[in-house]
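Q: Mind having a look at this structure? Questions to follow.
The values are calculated or read from the model by the stated rules, or taken from the named source; none is laboratory data. Only a predicted model underlies this, so the values are computations on that prediction, with no experimental measurement involved. With ideal geometry, Cβ positions are generated from the backbone for all residues, glycine too; neighbour counts draw on all protein chains shown.
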């Protein structure tokens, strides 16, 4: 016993002790122990993450201020530590804000906003500060200058991990050469083992931020990326939440703080894309959930209806009663089916009409009694109506007797519930056949279970579902007013019903002003800038939604050129313009790329699955107000089906262009090979033929052009008129651009060509369109030049004009140029025209 | 072309050499004309093309007038449009050059020599990859120029087939004319048929019919048993699928000496094709059918019916045998009641027999019983 007592006493002490030990953990302290969650799990990675956070902030700040970003990153090694400096030309941060921005975790301006930004939670840069102070013991050194200020502000600060508050070591004015901007200097225990990732991060950042100038200096070298465009990304706008993207807690919070009084007003006021119509739809869906529907049955017999109303009405003249009863019956008969409140409406309408006609007043009580008299007659149709629905919903194989029995049992549930409800105040059918979908399903299930038991037939889930659906369809929305905002806010169940109603209602996708895609043009520009390929393609999808957050996926592909052709393609992943460096294998983008059959698109893919091989870079950018990451360190995009789907479509779109390009390359290569072989064989054939037949040498260019389906261009000179004949032997129309460079002044130039003179040479440019199988003749005259008299046989003529023809706009493989002056023996020299750039 | 050669054969002129030269000039001209056609196509800026009849079973049709099978209307073209076609044409032109030269110099060469000769051509692209290619090309040229290979002075490597029987002939040899009696002036091996049988004149013939024999063993048996003497038989040894010269001389024996032609082979589908090429013309040289085929030739055996009737030792049909028989049922040349019946019978009994199987009844059975019976039944004896 004593032992027990003492134990009890002791226990109390332990509890007390435990209670004493309980205390709040500061968020800073928590992250101090969980650095890995923020991407600071090792020295190598910590440095990359710190750079990343600082650069993200720099880019966000400059863009917000409408400034073209100019970011400078410097990493230097000093004794055992690395010093990281990141400078930007942003708007600067006011002296009051600096300590909190850098010295307090979870301090930021964007967490509550639905807007596409790089940083969101306000953890990143302060986490870097925290990491720096933990590993090196030195404070962060921050310099910031706002535009127009005389001096810059200089701070040295650390984060007090107990209180998650900044602790300022030094604060003073300083001079700085930048007119505005922010500079942060962090010393940390780190290493450069992740140099590859660091450089990739900077390079990839340059790809998706073609408007930024970024410079990186580190102990082993430097990297500089100039801007490819002066166009800032479109400014984003904050949007209100979308009805499909809120959680219950958020909704309740919003209900609590809204100024709106009605649900409809609240929906339209607080959510994006909700207008009167959507609000009405949500409300209707909400009423169905909140109040249920009133089922409508076939109207009763007219005579029976008149009689019932007659019996129900007392103390009125016979004629007036008759008029009222007939009016009620006629109105009731107008319906195909009617529910309880429609009967009441019919009675009210009849009352007004009868009052007008007879002068006798039929008040609320009479209307109510009439309604209660007619409703039981309506309800008599239940069984027949149920039968029709059950019959439609079940297979024809079902026995008629079983169908009838099932319909009867379902109909009977309504009656049974009236009895229950008289004692129970719960809001079920009320005798008015008013019920929610779930209750209705309950009736059907119970009736079906009984049928299964008694009649030994199966009534499957699909059939039950269909019957329930059929009955729900004949239900009418109730006219009751929805609960007021206050009431909903106070009742979690009601709020839940509202949330479900919002989710079930079709609402237009959220607007996309909140998003700032790079746009396919700039994706191309970015890839061109950073990767030396032969071909680039890009695709920007339209905005889509996941969980109420709009998102846009963009994809780009660079191929060929100087890109590494060994091994698999390079995959560049971006979220809100931030390169994702780590955890490639866990990322939705990687999964999607692996699942695509790349052989279809002309890339090698061992085994037909996985990352394709070849000299290619595939980039994917997901922009969203809320990119779903797999973890706080924001390294990998989570496998959200909607996003994966869009990624796939974007990549496939870009890959289609690649496929077309590769296909064309292949056919051009084949054509080149064919041309090479034929160019060797045919002249020999011609020589031999001339031999055998003892005739003159043959000119075979026409035949060769025809064989190659080529565009053949020939120059002939006759009486000072120069003719360029463009024969199109290909199957499609061709629009070559011809530039004739002639050393004598031309005149009488045909086909609206432009002429430019430069240093005694005339550049004549034509761009004819030649239909398949036809030819175009481009002409000009050379008169009064030199001693040319129409014959080119004057060997003494020293100012014989020279010609040079350049052809573009048609693939070089498809052009045969035979433009040697006629004075020379016709040869088959093919001037290789400038290769047209592929797009 | 057959008229040309035939008239040549019938010309008993004083100077056959001069006649031959005209022939050579004609052949040469036609080759050069073909080259000129290519030249003109080039000169007009067109793509040089050579159209030739498709040489497949589905593109041969019966020529009612001549009673032989010739090529139909389907043509395939060798065009410089493709790398393949251009190579073929280049080779054709080089070959034309070679043949024209050979004719001008009155030399001759074998098909195999042509193949090796191409190795010496300066243009690598014009060289032949294998002999099939050069053989085929010569056939193409034969068809397009309507000049037979022999008139290009192209010989097959060896023909080797022989004649034995009561016939006196005169052969134009390089060492002058020779008169030869095909029994008295030859050894046991018989008279060697020359590559161009049109250099032979028939002088004197005591034979009653021609018997073409597939295998050497059977031919030797007939000679040993004196069948040629006893029955006045011209025994032609086919040596398997007969060479053109063998088929040509057979046709001449029939046409000029009015001898019935009978074909005696093994009883299997491959042997029926030997008969087919003698009687109807072969698919590969259907362009020469009028010149080579003897439509009146008749099949002696071994018939599938004989296998049953004489209860000959047999081998079972292999899969390829059955396929060959099925194909023959679809071959337009074998669409006669007789062949349909025989082939269907063979498929049914699923057996084949060699000529030598007759030896199971004794060495003399074939000369004393089988052939006399068959030939009587066919109204030859």
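Q: Name the residues in segment A:342-367 that are in contact (Cβ under 8 Å) with a residue 24 or more places away in the chain and under 24 Å from residue A:297 (Cα atoms), would you?
A: A:342, A:343, A:344, A:346, A:347, A:350, A:351, A:366
Q: Taking into account only those residues within segment B:42-56 that are at the interface with chain A (Cβ under 9 Å from one of its Cβ atoms) and under 20 Å from residue B:137 (Cα atoms), which is nearest to the chain's Cα centre (by Cα)?
A: The residue in question is B:48.
Residue-by-condition table, conditions (1) more than 10 Å from the chain's Cα centre (by Cα); (2) over 20 Å from residue B:215 (Cα atoms):
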site: B:249; (1), (2): no, no
site: B:257; (1), (2): yes, yes
site: B:262; (1), (2): yes, no
site: B:314; (1), (2): yes, no
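Q: Which of (1) within 14 Å of chain B (Cβ to nearest Cβ); (2) within 19 Å of the chain's Cα centre (by Cα) is the odd one out, the single condition residue A:622 does not satisfy?
A: Of the numbered conditions (1) within 14 Å of chain B (Cβ to nearest Cβ); (2) within 19 Å of the chain's Cα centre (by Cα), the odd one out for residue A:622 is (1).
Q: Also: Take segment A:613-632 and flag every residue that is in a loop (DSSP other than H, G, I, E, B) and crowded, with 24+ Cβ neighbours inside 10 Å.
A: A:625
Q: Sticking with this one: Go through (1) at pLDDT below 85; (2) at the interface with another protein chain (Cβ under 7 Å from one of its Cβ atoms); (3) closer than 30 Å to residue B:29 by Cβ one by one and return the number of the condition residue A:674 breaks.
A: Status for residue A:674: all satisfied but (3).
Q: Please find, within segment B:57-84, the residue that is farthest from residue A:690 (Cα to Cα) out of those that are within 14 Å of chain A (Cβ to nearest Cβ) and in contact (Cβ under 8 Å) with a residue 24 or more places away in the chain.
A: B:77
Q: Residues to consider are B:276, B:281; find the one that is touching a strand residue (DSSP E or B) at 6+ places or on another chain (Cβ under 7 Å), over 22 Å from residue B:188 (Cα atoms) and buried (at least 21 other Cβ atoms within 10 Å of the Cβ).
A: B:281
Q: Taking residue B:364 as the residue in question, decide whether it is in contact (Cβ under 8 Å) with a residue 60 or more places away in the chain and over 27 Å from the mean Cα position of the chain (by Cα).
A: In short, yes.
Q: List pairs: first residue in segment B:349-361 and on the phi > 0 side of the Ramachandran plot, second residue surrounded by fewer than 19 Cβ atoms within 10 Å (Cβ to Cβ) anywhere in the structure, Cβ distance under 7 angstrom, at least six positions apart or on different chains.
A: What qualifies is B:350/B:316.
Q: Can you name the strands (runs of 3 or more DSSP E) wholly within segment A:175-256 that have at least 1 residues being on the phi > 0 side of the Ramachandran plot?
A: A:181-188, A:221-225
Q: Among the residues of segment A:677-718, write down those that are touching a helix residue (DSSP H, G or I) at 6+ places or on another chain (Cβ under 6 Å), more than 8 Å from every other protein chain (Cβ to nearest Cβ) and assigned to a loop (DSSP other than H, G, I, E, B).
A: Selection gives A:697, A:708, A:710.
Q: Now for a separate question. Filtering segment B:89-120 down to residues that are in contact (Cβ under 8 Å) with a residue 24 or more places away in the chain and over 23 Å from residue B:29 (Cβ atoms), which residue is nearest to the other protein chains (Cβ to nearest Cβ)?
A: B:118
A quick yes/no check of all residues on (1) closer than 30 Å to residue A:463 by Cβ; (2) within 56 Å of the chain's Cα centre (by Cα):
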residue	(1), (2)
A:312	no, no
A:318	no, no
A:326	no, no
A:332	no, yes
A:355	no, no
A:392	yes, yes
A:398	yes, yes
